[in-house]
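Notes follow once the structure below has been shown.
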Amino acid sequence: MKRRNFLRATTMLPLLADTISTNSSFANRNIHSNNLKNVRRDNPPDFFYKPTDAWAADFIPFYDNGVFQLFYLLDWRNIKSHGEGTPWYRVSTTDFVHFTEHGEMLSRGTAAEQDLYVFTGSAITANGQYHIFYTGHNPYLRQQGKPEQGIMHAVSDDMVKWKKIPADTFFAPGNIYEPHDWRDAFVFWNEDAKEYNMLLAARFKTGIPRRRGLTALCASKDLAKWEVRERFYAPGLYFTHECPDLFKMGEWWYLLFSEFTDLVRTRYVMSRSLNGPWIIPERDDFDGHAFYAAKTASDGNKRFIFGWNPTREGEKDNGNWQWGGNLVVHEIQQEKNGELTVRVPQTVSNAFANNVNYSFTNSVGNTKAEDGSVILQAVGTFAASTAGKMPVTCKITATMQFEENTKAFGLMLRSSEIWIKHITSGLNQKKTGSCLTCGHVTGQKCSIWQN
């Protein structure tokens with residue numbers, strides 16, 4: 001994806017009782033990111049992985065030989081010490097709890113080369129090799145009348161040593177698309193057409209500026225020369241369709257992309273045919289505001305979605321969002337009508353094996369606590385009850401019930417005991433009927449995570 005400063009969040013954030021500590025980093029600080037080679041980080045577990053002394057963005061998942069290989073964009077946020085640009089690094093995992101770091105995969109180019117910033121793409125196996133198709137981004141090239149972005153190609157025999165093939169680089173056709181928005185290649189084999197297809201984030205040259213985004217389509221027989229085809233999906237709704245992803249589950253095809261036109265989130269559309277028409281489901285996202293650049297991978301049985309959650313300036317809840325942050329993984333579930341929901345991967349849920357004692361105390365308003373539950377009565381007013389201090393890293397499972405005409409309710413995380421200081425959030429039953437934190441329908445169990 002294209003690096004940018006995220007807008008200050010305007011939606012409220014779900015919160016719950018006082019934390020023991022505000023430190024949310026679970027990494028082993030004895031490891032330096034520049035020298036990572038097959039380093040296993042599992043004590044403590046990295047439920048929300050980030051590289052040491054750096055940040056991660058745009059994960060590119062790839063399942064190979066029983067292991068999820070996660071390429072990602074690494075950003076040190078320190079040009080003075082580390083230079084400009086973003087390389088690709090790689091971690092691997094089998095359970096989304098323990099990660100092995102494999103170091104740098106694709107290095108940055110120079111300020112004179114196309115791939116000063118090695119931006120998002122995809123990884124596949126074909127013709128006995130591993131292939132990466134990635135975005136070469138260089139903002140200095142625009143000043144020379146050249147495209148900032150081009151699609152580039154690299155190959156490897158072992159997924160460790162990669163050889164870039166500059167001759168395969170290609171750019172947006174200038175008569176149709178904007179030359180500086182041509183990125184995030186997703187490559188797959190089209191069995192019906194007997195060819196490789198590539199989906200890209202692109203923008204039309206004409207039209208309403210904030211609505212020119214589309215998912216472009218290219219085709220190739222040999223993975224070297226690509227022909228630009230008719231648009232794949234262009235609803236005229238968003239500034240751009242970043243980080244496209246495509247998969248089939250059952251009878252349905254699903255196209256994913258991320259947008260920042262009005263909100264910052266990953267969306268999807270669905271169709272019974274690869275050729276469309278594409279349907280926008282009632283709820284077309286997977287998580288809350290800021291789960292971004294999410295892409296999927298399957299182990300042949302279950303499919304998971306890998307996105308990142310941004311950090312905030314000054315590590316404060318009201319700080320501006322920053323580019324890059326921590327990995328967030330969900331398991332995708334398909335509902336009976338074909339629409340998609342997500343849940344915590346079972347391996348992650350199983351890692352939380354120790355129960356934490358709690359009790360509801362320090363109530364405000366009309367409340368009644370008994371047997372580990374609490375009843376709140378707040379007709380035309382406010383009621384709340386704390387459940388005590390929570391560990392830095394924990395899983396919260398709750399069953400919530402509400403009466404008809406309830407306007408809002410929910411859980412508050414990291415709140416103080418001075419209720420006026422709470423940053424409150426909850427569930428707007430009339431608007432969505434689902435939990436803002438994890439998206440599950442109310443009345444069912446939902447797991448809420450603190451990062």
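Considering amide H positions built from the backbone, and no H for Pro or chain starts, which residues 5 or more places from M249, or on another chain, come under 5 Å of its amide H?
Result for M249 returns Y254.
Can you tell me the order of 271-277, 126-132, 201-207, 70-76 when each peptide is scored by its average per-residue count of other Cβ atoms within 10 angstrom, highest first?
Descending packing order for the listed peptides: 70-76, 201-207, 126-132, 271-277.
With each label point set 7 Å from Cα along the Cα-Cβ vector, what nm distance links K248 and R210?
Modelled inter-label distance: 3.8 nm.
Evaluate the charge dipole of the range 216-287 about its Cα centre and quote only its size in Debye, nearest 20, assuming +1 on the Cβ of each Lys and Arg and -1 on the Cβ of each Asp and Glu.
Its charge dipole is roughly 300 debye.
Distance check, please: which entries in K50/K368; K50/K336; K205/K295 exceed 31 angstrom between their Cα atoms?
K50/K368; K50/K336
Please give the length that would be gained between K80 and Q377 if that part of the chain were fully extended, namely 0.36 nm times their separation in residues minus their C-alpha to C-alpha distance (nm, one decimal).
101.3 nm
Want the number for N320 to T397: 0.36 nm per residue separation, take away the alpha-carbon distance, what's left?
Here the answer is 24.8 nm.
Among 238-247, 344-353, what's the highest-first ranking by average C-beta atoms within 10 angstrom per residue?
238-247, 344-353
How long is the range 66-136 along each principal axis, judged by its Cα atoms, biggest number first, in Å?
38, 32, 14 Å, listed from the longest principal axis down.
Pick out, from H330, G300, N320, the residue whose Cα sits farthest towards the positive end of the charge dipole of the range 291-342, with +1 on the Cβ of Lys and Arg and -1 on the Cβ of Asp and Glu.
G300
The range 286-382: which trypsin sites (Lys or Arg not before Pro) are DSSP loop and have at most 15 other beta-carbon atoms within 10 angstrom?
K302, K316, K336
I'd like to compare 254-265, 176-187, 217-228: which one has the highest average count of other Cβ atoms within 10 Å, and what's the full order after that?
Result, highest mean first: 176-187, 254-265, 217-228.
Based on the Cβ-Cβ distance of D299 and D157, what FRET efficiency does E = 1/(1 + (r/R0)^6) give at R0 = 30 Å, to the nearest 0.05?
Plugging the Cβ-Cβ distance into 1/(1 + (r/R0)^6) gives 0.80.
Readers should treat all values here as calculations from the given coordinates under stated rules, not as data from a laboratory. Keep in mind the model is a prediction, meaning the values are calculated, not measured. With ideal geometry, Cβ positions are generated from the backbone for all residues, glycine too; neighbour counts draw on all protein chains shown.
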